[in-house]
Each structure stands twice: as C-alpha cells, then as structure tokens.
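Q: Got a structure for you, written out below as structure tokens; questions coming shortly.
The values are calculated or read from the model by the stated rules, or taken from the named source; none is laboratory data. Bear in mind that the values here come from a model prediction, so they are computed numbers and not experimental data. Note: ideal-geometry Cβ built from the backbone for every residue, glycine included; neighbour counts use all protein chains shown.
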Amino acid sequence: MREITYAEAIREALREEMKRDERVYIIGEDVGRFGGCFGVTKGLWEEFGDDRVKDTPISETAIIGSSVGAAATGMRPVAEIMFCDFMGVAMDEITNQAAKMRYMFGGKVKLPMVIRTPVGGGLCAAAQHSQSLEAWFTHLPGLKVVMPSTPYDAKGLLKASIRDDNPVIFLEHKMLYGVKGTVPEEEYVIPLGVADVKREGRDVTIIATSLMVYKSLEAAKLLEKEGISVEVVDPRTLYPLDEEKIINSVKKTHRAIVVHEAVERNGFGGEIVAIIMEKAFEYLDAPVKRVCGKNTPIPFSPPLERFVIPQVEDIVNAVKSLL
Amino acid sequence: MGKIGIIANPASGKDIRRLVAHGSVFDNNEKVNIVKRMLSVFEEIGIDEVLFMPDYFQICLKALNALGRVSFKARVIDMDVSFTQDDSTKAASIFEREKVDCLITLGGDGTNRVVAKGLSPNSEVPLLPISTGTNNVFPYMMEGTIAALAAAALAKGVVSKDEGCYRVKRVELFKDGELKDIALIDLVSLDCSFIGSRAIWHPEEIREVFSTVAKPDSIGVSSIGGLLMPTDELDDRGVYVRLGRSGKRLFAPIVPGIIREIYVEDFREIPLDEKFPISLDRGVIALDGEREIDFFDGKWEIQVTRRGPLLVDVRKVLRLSSERGFLKI
Amino acid sequence: MGEEKLWLDMYISMVRIRKFEEKVVELFAQGKIPGFVHSYIGEEAVAVGACSALEPTDYITSTHRGHGHLIAKGGDLKYMMAELYGKKTGYCKGKGGSMHIADVDLGILGANGIVGAGLPIATGAALSSYLQRNGRVALCFFSDGASNRGTFHESLNMASIWKLPVVFLCENNMYGISMPQRKGMAVEDIADRAAAYGIPGVVVDGNDVIAVYEAVKEAVTRARAGGGPTLIEAKTARWRGHFEGDPQIYRTPEEIEDWKKKCPIMRFQEKLIKMGILDEAKIREIESMIAREVEEAVRFAEESPYPEPEEALEDVYA
C-alpha cells in the first residue's frame, strides 16, 4: 500500500470532503496560497479558490465565532488555528458558543464545524507554541475531541469529524506532520469513538495519545527484548472515548500506564486512570501510572524541552516499575 | 482686545448621509483638533477672551486643556444644557448678549440654522461658520487656523464689521401667519410622512424648494435652482422650484455622491419680503437639508428676507488685514 | 396602502414588546420567573425599526436584553414565556431561559449571555449567506458596552474586508451595567468607529422607529447588493435597571423620567393618530388584543409541564 505523510493525509481528507460537500470550507490564518504554517492546506486554495479556502486576518475570535455562525446557518466550516496555544484567544467562542449553543437552544441547532490545530513540543518553539491543551476541550460537554497519531487515522478521523454534526476539536501533533504511514487510495472513514490497539501485548497496557503512541511503541520494542510484552492502545478520540477497549485491555494485562505529552496535573490521563479505577479496579495488579509532561510551561532550550516532555526511557522505566 | 465665541456642535455630521451618500466621517476628536488650532492662533495673536458653548463631549474644554497655559481668558458660558440642537440656539443668543466680536461655529448647515435662530433678526454678531462635513452650503470648507486669523482680525478691529461682513438672506416659515422657523439656504416641502432619519435622499419625495441661494456649484437641493436661475448671496431674490413627474429634466447633486434625474415643473424668482404658499396640504418640511416639521393642517407660507446673520467674508477680511499690516512684524 | 399596514404592524409590535416585558417584570417580582431578567422596556423602537427592514429569512443575533428582538423578529410569546418559566414547552425546552432564546427557523440565532459574542456569529451567518449566495442578510444587535470588546473589532474588520452582508446595529443605551459610556470610551459616537473599518457608520435616534427603520433599510439594501457591512448606532435608553433588581445607583431618577418623556411608543402613536391611521378605538382594540396574547402566553407557560430532570442529559450532542 502507498505511504503518505500525516500532513498529506489530512490534506487528502480536506480535499475529498470539500469535493464531496460544497458546504465544507476552510478558514484560518495563512491557509490560502501560503498553504498554512505547517503546509497542511497547500494546493487547496489553487484548487478550490478564495471562497472555500478563506485566508483571514489575525482574528482567532472571528475565525471561530464566524464558524459558529456559519455552521448554525448551513455551512460546514473547517477552521484552522495556527497553534493550539492560540485557542485561548477564541476561548469564549469555543466554550460559551460552540460547545453549548445546541444545548442552550434545546437541541434546535446543529453546529457541524471542525477546529484543526497543531499541538505539542519538539520544535523548540517554547511556551506559547508547544502546548498540548486537549484537557481544556474534553472538559467541555458539547465538544468532541480527536487526537490522531497515524496518517491513516488522521485522514479517516478528519473525514468523520467534518461529517459530524457537532463541533469537533481536531488536534494534530506538529512533530507528526512529516511522519509517513500507509493510507489506502480508496475512500474510508473512521468513526469517532473507536480506539485502536496499535500493538498487542500481555503484561502491561499503555494508553497513549498522539506522538506518545510512537514513543510507547518504541518503548514496547525495547521491552520486548527483555521479555516484557506491552500492549499499546491509542484512544484516537478523547471524546467520545472508547472506554470498552481500554478496560478490556487492562482486564487482560492487569497493569496500565497512561502516557501523554500534556502536563500531568489535571491532564486527560487522570480521567483515564479514574475510569480504570471505577471499571477495572479488581483486575489491577499494580497502581495505574501516568507518564506525562512535567508540570511546567514548555521551556525553549533543547535539553530543557526534552526533559519536560516524556521520552522513551521514561516509559520504559515506568513499565519496569510496575512489574 | 477682542472677544470671540465658539459653538462646536458635537452632534453634527453623523447622520444617515454617511450611509446613503458616502458622507464624511468627522468625529468629535477632529473638532477638538480644529478648536486647538484656533485657540493657538488666538494665543499667538493676543485675544482677550474666548467663550465656549458647553457640550457633552466638551470639545472646547478638551482643546483648551490640551494647550495647557493660555494667556487669554477662557470661559464656558453659563447655560442649561439639553444636549439637543436647542443648545446651539440658546448659546447664540447668549453670545449676542455678551457682544462677542466674532462667533465661530463648527458644524453644518443644520448647526448654523439653529445658531441663526438664536440671533436676533438684525444681530450685529459676525458669524464665521466652519464646515465639519461634506454636505454643507452655508459654512466655509476652511482650515480652522485661517478662520481664526479672520476672527482675530475682526476682534482686534483691524477690519470693521461693515468692511468685512455682509448680511445674508433667510427663508422664513409661517404657519397661519405666525413665524415658525427659518432656514439659511433652503426650505423643501416633501411628500412623505415622517421626519425619521432627517436627511433627504429620495428626490421623488421633493415637491417644492424655496432657496435663498441657488448655485450650480453647491451640494444639495438648492443646486437645482442653480441650474435654472443661478442666484448668490448678494442677489436680492430667492428661487422657487417645483418638482414633479414631468417637465424639464435635469440632473442634480441632491446629496454628496448622488446625482439624480429630476423633473422641474416650474421655477421662478422669489422677490424679497413676499409671502409664498407651500402647496402641499400635508407632508414634511425640511430646513437646510434636514426633515424638521411634519404637518397635517394649517396655512403654511414662506418668505425670503435679508434678515439672516451677519456673515464674515473671510477672504475679504484677510485681504484687508494684510493690506493693513496685520501679522507684519 | 402597503405602507400604512407596515406602520401599523410596527406599532403593534412595539406594544407587544412593551406589554410582554411589563408582564415579565411583574412575574419576576412575584417569583414566578427564575434566574435573571433584563428588560427591554424603552428600547422597543430599535428592535421593531430594525426587524421591520428585514425579510423573514434574514438572520439576527441578539443579546442578553433580547426579548424585544425576538418578538420583533416574529418570536411566539407563548414559547418565549414558557422558556422564561423553565418549562418543557419553551423555545429551548427550558434549557436556555431568558438569555438564550433562539429560533433558527425564524432566523433568530440566539440571544446571548456573553456581551459582544453575537458579533462574530452574525459575521459568520453573513459569510454563510455569501457562500451559499442565498441573499440573506445578518443583523447583529449589540450594545455600547460590547463595542469595547475585541469581538467588535475582529468582526467589523473581517466583515468589511470580505464585504459581508451584515448590519451591525449598536443599541447605545449609555450604560454597561453601571459603566457610563462616556467613561468607557474616548469617542462620543460609536458610529465613528466605523471609519476604522472603511465602512459607513451612522447615528440615528433610537427612540424613533422610523429613523431606525430608514437607516436599517438602507444598510440592508446595501448589504444585499454586495456593498458590505454598515455600523448603525441607535441612541436610546433602558427604562429599567440592567437587570430586574438593579438598584441603579449610577443614574438619577430624573434621567429615567426624561427618557420616559421620549417614549418611542407614545411618539409613534401620536404620529399615527395625526396621520389618521390610529384612533382611540383602534388603540384600545390593539391593546386588548395584545393583553389577550400576553395572558394566553402566561397561561400556556403556567399550564405547561416542567421538563423531566433526566432531560437535562439530552441535546448535548446532535
């Protein structure tokens, strides 16, 4: 099967959905001829024109706010916020408008809109361009939150997100844009709310998101040499969350570690731990562990950044500590 | 020596003409800037006293405060403020009582009309109107500095009122023989029902125009007469035009940016001091470009007189003052 | 004559808002309406003048002080009152309340509890109209206070660069709760801010329903023709506090009394009487018709059931 990058997979999803449904349009900063700061939308402006690939002024509030208005009146906007860190600028539009408009109106409106935004460190982009803020959004009933790790998942999940009638926060890891993976030529859609077991194992379950899926798989490979069999589960969507697949894996391995790049404190990992405690407590042979970002802003200097973001060896050590 | 009054209308120039006629945006901070420039001139030339009309935006006070220490006396006149156009009328009569040597207004035709209402018919106060918008005939489109120089020349007696000013005409409006209102440039009867947003931009509603001046180079309805019987400030007559659905076809700049085809059914001279009836029996009367009065009954008449304010001829004042060595060191 | 019918409808709509709001104030004082209530009394001419210049398919975004907008855009008093009571039959099935009433079918994209939040939403609705080429215009009601928010800037900027069919209608009632406009901004006229976006900005008398109507009509025509957005500032006043129960220590009773003398309904009523469109008998007929509508709305609300508690779990997602 052909291999394409994560960015290409996302672009393909956008192109296919824009062709399929003329209500779909892209809106964001530098998404037009420039192709987006990470090049994700490159070529789409040439193909679909000014109206459907809307380059905006620096106006995150109006990008999201106008998407709410357009979605409520029959369009299906796909907004791009250049860095997840900038979501704060539009937080009222996300929190008080997009997330709860349907509810407040008694279910009388649909808001089919997607906000795509890159998360994560690794580029020495420092504290305001490196955060993983998924927990902000999973805390808001009314939003769906998607966090794909592979090109295959990114494409299929983005197509599902665009077709979903709810606001979806689609979090792309900027270190993954260049990562290649197999993606079939033919059409497919991955439903939201279905986790994927990225590697089967017997001894420990690692629940990892986004870039951390790769680091966990690498750790699993190292541990395999020492005879430790690790199962890696990628939830893929944080809401809706495939609790069943996570619980089933824990029931099988009796040990669980949650790995994410976001800071540990009040991170989404805490939610997964709580679910495991509530639903699989009696199956556990050890406390559930978290391997997460340190509770600091993301620092600039390479050794500092590397230190606060979970690394393969941190995951290896955590697994060993459970056995 | 010299005492100058300033009326800066904070509400002028914001109406619907900005929308329907690309009217200029002339915000109050810009009016503050004009007053600053004028006050700087007075400071430099040495005027004794400057009086201001109070207004809610405090245009003149803001200008004064921005200049810091000044050597002339500055005072906001004592009056009850209603935050309506009546304030300008009231202030004008106070300035007349105060015997200012020159009264400067910042506003449009509407502002000057209400100022003229406050002055007595034969008032000796020289009026120097500066336009703060695009839709005006009466006030000068002029830099405040230059206007202030002319005001200073008058106030200091370099040029006398007789030399530098002339009395303008006005349209007087009567209901059942009683004077109801005045206009400085034109009075228009409209076949419509409401005062609403005040401006006139639907030519099909215009029935009759009674104007004191009619110049092809003016903006607004008075320009229609200018195409038929050009008449300026010094001509001892007014111009009457009746529009309809047939007759002489003309293009006229009704408001800035809007040149409309109109049909003139009749036009003629209005001799001074002769009463003319308004032919509509119900409708709206616009004074100097703004719908002001809706009427349903009564006998409405107009007359053009030379009882308007004493207008400063800025060019003449500055020419004479320069001949007399004003500003020479 | 078509115009006479329009004027009469405008009058009736203003009376309907006034009577509805008077009843709401009364019911709130009796403890029958929970939560917050922001009365629209005194500002009726803005909602009615503006909505009368719109087509039924056009959109509006409203504010926390939104009852008047909804009624002027065709909202049904029964469902509104039921929503204020928190009943299952309300516009939002009791989930929204006073500040969140919406009816997308009527083009009402919602009242909004966040000041200034409607501006980008209206901009988006206008973008949607533009992209769908459906000729609809979005009209955004917002307040003097909202014009200080960043949403105002971003929305006017975006709408002006793309020439979107949106009308930004600022209801300047001079106070953001207790903050007088004069202390909150260094310009006197919010309309002047339009210059920063290269769009027209006009001031109208917000207590003159015809003045509002004329200005909005022109702005809507311009928007529909692709001319882009307009900022209209309607100067008006609320007669009651920011919310019911506001002690209003920030303004004098005389100030309110002065505004009551400029009552938009009385002004229009006097005018229509002079024009021969209204007379005493007709006024009484209209008032009793509206009184019946309001009574019926109250009865409907009171007789309607509350939602089942578990219904709180519905409508989070589509």
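Q: Could you tell me whether any residue of the stretch C:278-285 is within 8 Å of chain B (Cβ to nearest Cβ), surrounded by fewer than 19 Cβ atoms within 10 Å (Cβ to Cβ) and free of Cβ contacts under 8 Å to residues at least 40 places away in the same chain?
A: No, every residue in the stretch C:278-285 fails to be within 8 Å of chain B (Cβ to nearest Cβ), surrounded by fewer than 19 Cβ atoms within 10 Å (Cβ to Cβ) and free of Cβ contacts under 8 Å to residues at least 40 places away in the same chain.
Okay, residues lined up against (1) without any contact (Cβ under 8 Å) to a residue 24 or more places away in the chain; (2) surrounded by 16 or more Cβ atoms within 10 Å (Cβ to Cβ); (3) over 26 Å from A:P141 (Cβ atoms):
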| position | (1), (2), (3) |
| --- | --- |
| A:D234 | no, yes, no |
| A:I257 | no, yes, yes |
| A:V263 | no, yes, no |
| A:G267 | no, yes, no |
| A:I309 | no, yes, yes |
| A:S321 | no, no, yes |
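Q: Kindly evaluate A:E187 against the criterion of being more than 15 Å from A:T150 (Cα to Cα) and not assigned by TED's automatic domain parsing to the domain that holds A:E278.
A: Answer is yes for this residue.
Q: For B:S193, state whether it is in a strand (DSSP E or B), of a type in the set (S, T, Y) and more than 16 Å from the chain's Cα centre (by Cα).
A: No, not satisfied.
Q: Could you list all residues from the stretch C:286-307 that are within 14 Å of chain A (Cβ to nearest Cβ) and surrounded by fewer than 13 Cβ atoms within 10 Å (Cβ to Cβ)?
A: Matches in the stretch C:286-307: C:Y306 only.
Q: Taking the stretch C:143-177 as the search range and keeping residues that are out of contact with any helix residue (DSSP H, G or I) (no Cβ under 7 Å at 6 or more places or on another chain) and β-branched (V, I, T), which one is surrounded by the fewest Cβ atoms within 10 Å (Cβ to Cβ)?
A: In this case the residue turns out to be C:I177.
Q: Can you go through B:T105, B:T89 and tell me which one is in contact with a strand residue (DSSP E or B) (Cβ under 6 Å, 6 or more places away or on another chain) and either of a type in the set (G, A, S) or not in a loop (DSSP other than H, G, I, E, B) (or both)?
A: Values: B:T89 fails: in contact with a strand residue (DSSP E or B) (Cβ under 6 Å, 6 or more places away or on another chain).
Only one candidate qualifies: B:T105.
Q: For C:K217, state whether it is at pLDDT below 95, in a helix (DSSP H, G or I) and among the basic types (K, R). Don't jump to the end; show me each part of the working.
A: Numbers: at pLDDT below 95: no; in a helix (DSSP H, G or I): yes; among the basic types (K, R): yes.
Judged against the criteria, C:K217 is not a match.
Q: Scan the stretch A:122-129 and tell me whether some residue there is closer than 27 Å to A:F86 by Cβ, buried (at least 24 other Cβ atoms within 10 Å of the Cβ) and at pLDDT 95 or above.
A: Within the stretch A:122-129 (the criterion being closer than 27 Å to A:F86 by Cβ, buried (at least 24 other Cβ atoms within 10 Å of the Cβ) and at pLDDT 95 or above), the answer is no, since none of the residues qualifies.
Q: Right, next: For the stretch C:120-142, which residues satisfy the criterion of being more than 10 Å from every other protein chain (Cβ to nearest Cβ) and surrounded by 24 or more Cβ atoms within 10 Å (Cβ to Cβ)?
A: C:V137, C:L139, C:F141, C:F142 - these are the residues of the stretch C:120-142 that are more than 10 Å from every other protein chain (Cβ to nearest Cβ) and surrounded by 24 or more Cβ atoms within 10 Å (Cβ to Cβ).
Q: Here is a follow-up. Scan the stretch B:69-79 for residues that are assigned to a loop (DSSP other than H, G, I, E, B) and farther than 12 Å from B:K36 by Cβ and report the count.
A: Number of matching residues: 6.
Q: Can you report the number of residues in the stretch B:293-308 which are assigned to a strand (DSSP E or B) and more than 13 Å from every other protein chain (Cβ to nearest Cβ)?
A: Looking only at that region, the number is 6.
Q: Hey, another quick one. Would you check which residues across the stretch A:87-115 are aliphatic (A, V, I, L, M) and touching an Asp or Glu at 6+ places or on another chain (Cβ under 7 Å) and list them?
A: If the condition is that a residue be aliphatic (A, V, I, L, M) and touching an Asp or Glu at 6+ places or on another chain (Cβ under 7 Å), then A:V89, A:A90 are the ones that fit.
Q: What pairs come out if I take residues in the stretch C:158-170 that are more than 10 Å from chain A (Cβ to nearest Cβ) and pair them with residues that are in a helix (DSSP H, G or I) and of a type in the set (F, W, Y) whose C-beta lies under 9 Å away, six or more apart or interchain?
A: C:S160/C:Y197; C:K163/C:Y130; C:P165/C:Y130; C:F168/C:F152; C:C170/C:F152
Q: Kindly evaluate B:I254 against the criterion of being assigned to a loop (DSSP other than H, G, I, E, B), touching a residue at least 12 places away in the same chain (Cβ under 8 Å) and outside the structural domain of B:L128 (by TED's automatic domain parsing).
A: no
Q: Name the residues in the stretch A:85-142 that are in contact (Cβ under 8 Å) with a residue 24 or more places away in the chain, under 23 Å from A:S59 (Cα atoms) and at the interface with another protein chain (Cβ under 7 Å from one of its Cβ atoms), would you?
A: A:D92, A:E93, A:Q97, A:M101
Q: I've got another one for you. Does B:A66 satisfy the condition of being closer than 22 Å to B:P139 by Cβ, among the small types (G, A, S) and outside any loop (DSSP other than H, G, I, E, B)?
A: Criteria not met by B:A66.
Q: Here is a check on your reading of the model: is C:G206 small (G, A, S), more than 14 Å from chain A (Cβ to nearest Cβ), in contact with a Ser or Thr (Cβ under 7 Å, 6 or more places away or on another chain) and under 21 Å from B:I195 (Cβ atoms)?
A: yes
Quick grid of which residues meet (1) over 17 Å from C:R222 (Cβ atoms); (2) among the aliphatic types (A, V, I, L, M):
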{"residue": "C:F142", "(1), (2)": "yes, no"}
{"residue": "C:G145", "(1), (2)": "yes, no"}
{"residue": "C:H153", "(1), (2)": "yes, no"}
{"residue": "C:I161", "(1), (2)": "no, yes"}
{"residue": "C:M185", "(1), (2)": "yes, yes"}
{"residue": "C:A194", "(1), (2)": "no, yes"}
{"residue": "C:Y197", "(1), (2)": "no, no"}
{"residue": "C:G201", "(1), (2)": "no, no"}
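Q: Does the stretch B:241-258 contain any residue that is of a type in the set (D, E, K, R) and either modelled with pLDDT of 95 or more or touching a His at 6+ places or on another chain (Cβ under 9 Å) (or both)?
A: Looking only at the stretch B:241-258, we keep the residues that are of a type in the set (D, E, K, R), and these are B:242, B:245, B:248-249.
With either modelled with pLDDT of 95 or more or touching a His at 6+ places or on another chain (Cβ under 9 Å) (or both) added as a condition, the list becomes B:242.
Among the residues of the stretch B:241-258, at least one is of a type in the set (D, E, K, R) and either modelled with pLDDT of 95 or more or touching a His at 6+ places or on another chain (Cβ under 9 Å) (or both), which makes the answer yes.
Q: Restricting to strands (runs of 3 or more DSSP E) lying wholly in the stretch A:164-231: which have 3 or more residues that are touching a residue at least 24 places away in the same chain (Cβ under 8 Å) and not hydrophobic (A, V, I, L, M, F, W, C)?
A: Filter on the stretch A:164-231 gives A:180-182, A:196-199.
Q: Between a residue in the stretch A:61-74 that is facing another protein chain (nearest Cβ under 7 Å) and aromatic (F, W, Y) and any residue that is outside any helix (DSSP H, G or I) and crowded, with 24+ Cβ neighbours inside 10 Å, which pairs come within a Cβ distance under 7 Å, given they are 6 or more apart or on different chains?
A: Matching pairs, first to second residue: none at all.
Q: Moving to a separate point now. Working only within the stretch A:1-20, note down all residues that are farther than 21 Å from A:L176 by Cα and without any contact (Cβ under 8 Å) to a residue 60 or more places away in the chain.
A: A:M18, A:K19, A:R20
Q: Further, regarding this structure: Return the total of residues in the stretch A:61-104 being of a type in the set (D, E) and surrounded by 24 or more Cβ atoms within 10 Å (Cβ to Cβ).
A: Of the residues in the stretch A:61-104, 2 are of a type in the set (D, E) and surrounded by 24 or more Cβ atoms within 10 Å (Cβ to Cβ).
Q: Something else now. Checking A:F281 against (1) in contact with a Leu (Cβ under 7 Å, 6 or more places away or on another chain); (2) exposed (fewer than 13 other Cβ atoms within 10 Å of the Cβ), which test does it fail?
A: Exception for A:F281: condition (1).
Q: Kindly evaluate B:F267 against the criterion of being buried (at least 16 other Cβ atoms within 10 Å of the Cβ), touching a helix residue (DSSP H, G or I) at 6+ places or on another chain (Cβ under 6 Å) and part of a strand (DSSP E or B).
A: Yes; evaluated as a whole, the condition is true for this residue.
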